[in-house]
Number of protein chains: 2
Amino acid sequence: MLTLATIKHINELQQKKHRAAAHEFIVEGLKGVQEALENEAEVLLVVMDGNIRDEADMQALIKLAGEHEAQVEFCGRKDIGQIKTTDTFPGVLAIVSSPDIGLDQISFGPIVALDGIKDPGNLGTIIRTADWFGIQNILLAEDTVDPYNPKVVRSTMGSMFRTSIFESNSLETSLATLKEKYGYRVVSLEMKGEPLPQKLLKNLEENVIFLFGSESHGVRPGLEKLIDVRYTIPGRGQAESLNVAVAAAIVMSRV
Amino acid sequence: MLTLATIKHINELQQKKHRAAAHEFIVEGLKGVQEALENEAEVLLVVMDGNIRDEADMQALIKLAGEHEAQVEFCGRKDIGQIKTTDTFPGVLAIVSSPDIGLDQISFGPIVALDGIKDPGNLGTIIRTADWFGIQNILLAEDTVDPYNPKVVRSTMGSMFRTSIFESNSLETSLATLKEKYGYRVVSLEMKGEPLPQKLLKNLEENVIFLFGSESHGVRPGLEKLIDVRYTIPGRGQAESLNVAVAAAIVMSRV
């Protein structure tokens, strides 16, 4: 049984201001909750549809939650009707604590920095792609879509629990700090740059920041002075640009 | 002034069955309508918000429509309230005739074949990326999302007017025909294949089909026997898979 207070709290976490205040967010669906537990995210509560608790994958999830000392609550039809989710109730969800990671906790090696990405699907896809190519660090500008937005969380397909997401208050200051203190180079993708080489790094420990601008406006002017190299993905057709998640993926595939 | 019949027709074109029956679809927004006209799509009617007709870019669009002998109708607030669009009324839209392209009209060279892609954003992004890399031919399986769905049209960013989209009734038959009659090779992207090489084609006239399966189920079993080479995008992290539009983009970037 869920208390009304819990249902209210889950519903509030649909909104960014409540997520920021509570330092918590919602992970929807079996796969996401499983990944959160397996990757040692701080899972505060698992909420499961009581009608499917006997299904094999739900039983496995209950066991996994037990191993990680995460509390599981079951809910009925009436509760489900009151819980707000992105689509229909996905059978199971979890309240997870959002880590507050500072630049000083960076593990070094390549960083994907995003300036003003607004589309949740694009951000989620970039995080998922970074995880695929073994890039650990994601640095988000102050006006990027909230990474704990349910649509972002869903489209990362669990990869957000395996990457470190740094939310910057000023991307300009963060980039300058990383350059000065840790000798990072900043590589950006733009319409007019050198052709993107086949291989971008000598090794995966190199301190390079790959900077991608917003879907519509590219990188903001204030960052220009911090960029060391500008690359372009050579095209042959007449399309004006590539989707930012696609462009980022092509760059990451050459790391 | 729009007639009620025109408004009804525009609204019906939100639905796949009506699009298929009329062989028409809706393009929303300035950029899309402009691209449709410039790329010689058959634009049947341009519908513009009368309140913004004096803006410079709308004036330019009216001139462009005139050059292409496309009719322009202006609508008022009341009409706009009755017209169904993906989001709020985008200022301008057009009714465009959907071409019926057969395999015999193929221009040869590489083809991107998609099996069961369900997400409109993914399909639109793949078409846009193909256009960027100069790949002219898109072949869609029978259960792929409708390419004339407004969300697909919007996310192609005009690229759908520069590519040839073949809607197959049976992808299996179409692939077999292309192999037998035109000597195409079928290359697929799978979880367990050879590592994707840096360069996939000797030249852009090579008859190769790049086959991508659905977001969740991959390529259907019936197609297996038609595949000549299987590639995998090597990853280093723990993500289970890449988004299909991302995977397709990485392959196309090596064509």
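The values are calculated or read from the model by the stated rules, or taken from the named source; none is laboratory data. Since this is a predicted model, take the numbers as computed values, not measurements. Backbone-built Cβ (ideal geometry, glycine too); neighbour counts: all protein chains shown.
Test of understanding: among B:Leu196, B:Leu200, which residue is modelled with pLDDT under 95, under 19 Å from B:Gln136 (Cα atoms) and in contact with a strand residue (DSSP E or B) (Cβ under 8 Å, 6 or more places away or on another chain)?
Details: B:Leu196 fails: under 19 Å from B:Gln136 (Cα atoms).
One residue alone meets the criteria, B:Leu200.
B:Glu42 fails exactly one of the following numbered conditions: (1) closer than 22 Å to B:Tyr148 by Cβ; (2) in contact with a helix residue (DSSP H, G or I) (Cβ under 8 Å, 6 or more places away or on another chain); (3) of a type outside the set (S, T, N, Q). What is the number of that condition?
Result: B:Glu42 passes all but (2).
Here is a list: A:Val208, A:Val246. Which entry is of a type in the set (Val, Ile, Thr) and surrounded by 22 or more Cβ atoms within 10 Å (Cβ to Cβ)?
Every option except A:Val246 fails the conditions.
In the range A:115-157, which residue that is at positive phi and not aliphatic (A, V, I, L, M) is nearest to the other protein chains (Cβ to nearest Cβ)?
As a first pass, look at the range A:115-157 and keep what is at positive phi: A:116, A:134, A:157.
Narrowing the set further to residues that are not aliphatic (A, V, I, L, M) leaves A:116, A:134.
Details: A:Gly116: 18, A:Gly134: 3 Å.
The selected residue is A:Gly134.
Among (1) modelled with pLDDT of 95 or more; (2) at the interface with another protein chain (Cβ under 9 Å from one of its Cβ atoms), which single condition is B:Gly237 missing?
It is condition (1) that B:Gly237 fails.
Is it the case, given these coordinates, that B:Gly91 is outside the structural domain of B:Gly183 (by TED's automatic domain parsing), closer than 23 Å to A:Ala239 by Cα and touching a residue at least 40 places away in the same chain (Cβ under 8 Å)? Please lay out each step first, then the result.
Values: outside the structural domain of B:Gly183 (by TED's automatic domain parsing): yes; closer than 23 Å to A:Ala239 by Cα: yes; touching a residue at least 40 places away in the same chain (Cβ under 8 Å): yes.
Yes: the conditions hold for B:Gly91.
Listed here are the residues, each with its yes/no results for (1) of a type outside the set (Lys, Arg); (2) within 20 Å of the chain's Cα centre (by Cα); (3) loosely packed, with under 14 Cβ neighbours inside 10 Å.
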| site | (1), (2), (3) |
| --- | --- |
| A:Ala5 | yes, no, yes |
| A:Leu13 | yes, yes, no |
| A:Glu28 | yes, yes, no |
| A:Glu40 | yes, yes, yes |
| A:Val72 | yes, no, no |
| A:Thr85 | yes, yes, no |
| A:Leu93 | yes, yes, no |
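Hey, among the residues in the range B:123-143 that are crowded, with 24+ Cβ neighbours inside 10 Å and among the polar types (S, T, N, Q), which one's farthest from B:Ala245 (Cα to Cα)?
Of everything passing the filter in the range B:123-143, B:Thr129 is farthest from B:Ala245 (Cα to Cα).
Go through the range A:65-88 and report how many residues are aliphatic (A, V, I, L, M) and in contact (Cβ under 8 Å) with a residue 60 or more places away in the chain. Steps first, answer last, please.
First, the residues of the range A:65-88 that are aliphatic (A, V, I, L, M): A:65, A:70, A:72, A:80, A:83.
Then keep just the ones that are in contact (Cβ under 8 Å) with a residue 60 or more places away in the chain; that gives A:83.
Here the count works out to 1.
Quick grid of which residues meet (1) assigned to a helix (DSSP H, G or I); (2) at pLDDT 95 or above:
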{"position": "A:Ile7", "(1), (2)": "yes, yes"}
{"position": "A:Asn11", "(1), (2)": "yes, yes"}
{"position": "A:Ala20", "(1), (2)": "yes, no"}
{"position": "A:Val27", "(1), (2)": "no, yes"}
{"position": "A:Glu40", "(1), (2)": "no, no"}
{"position": "A:Leu44", "(1), (2)": "no, yes"}
{"position": "A:Val47", "(1), (2)": "no, yes"}
{"position": "A:Asp57", "(1), (2)": "yes, yes"}
{"position": "A:Lys63", "(1), (2)": "yes, yes"}
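Restricting to the range A:167-185, name every residue that is surrounded by fewer than 22 Cβ atoms within 10 Å (Cβ to Cβ) and more than 17 Å from A:Ile117 (Cβ to Cβ).
Matches in the range A:167-185: A:Thr173, A:Ala176, A:Thr177, A:Lys179, A:Glu180, A:Lys181, A:Tyr182, A:Gly183, A:Arg185.
Out of B:Ser241, B:Ser164, report the one residue that is surrounded by fewer than 19 Cβ atoms within 10 Å (Cβ to Cβ), touching a residue at least 24 places away in the same chain (Cβ under 8 Å) and closer than 23 Å to B:Asp104 by Cβ. Give the derivation first.
Details: B:Ser241 fails: closer than 23 Å to B:Asp104 by Cβ.
From the options B:Ser241, B:Ser164, the qualifying one is B:Ser164.
Yes or no, residue by residue, for (1) at the interface with another protein chain (Cβ under 10 Å from one of its Cβ atoms); (2) in contact with a Phe, Trp or Tyr (Cβ under 8 Å, 6 or more places away or on another chain):
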site	(1), (2)
B:Lys192	no, no
B:Leu196	yes, yes
B:Glu206	no, no
B:His217	no, no
B:Arg220	no, no
B:Leu223	no, no
B:Arg230	no, no
B:Val246	yes, no
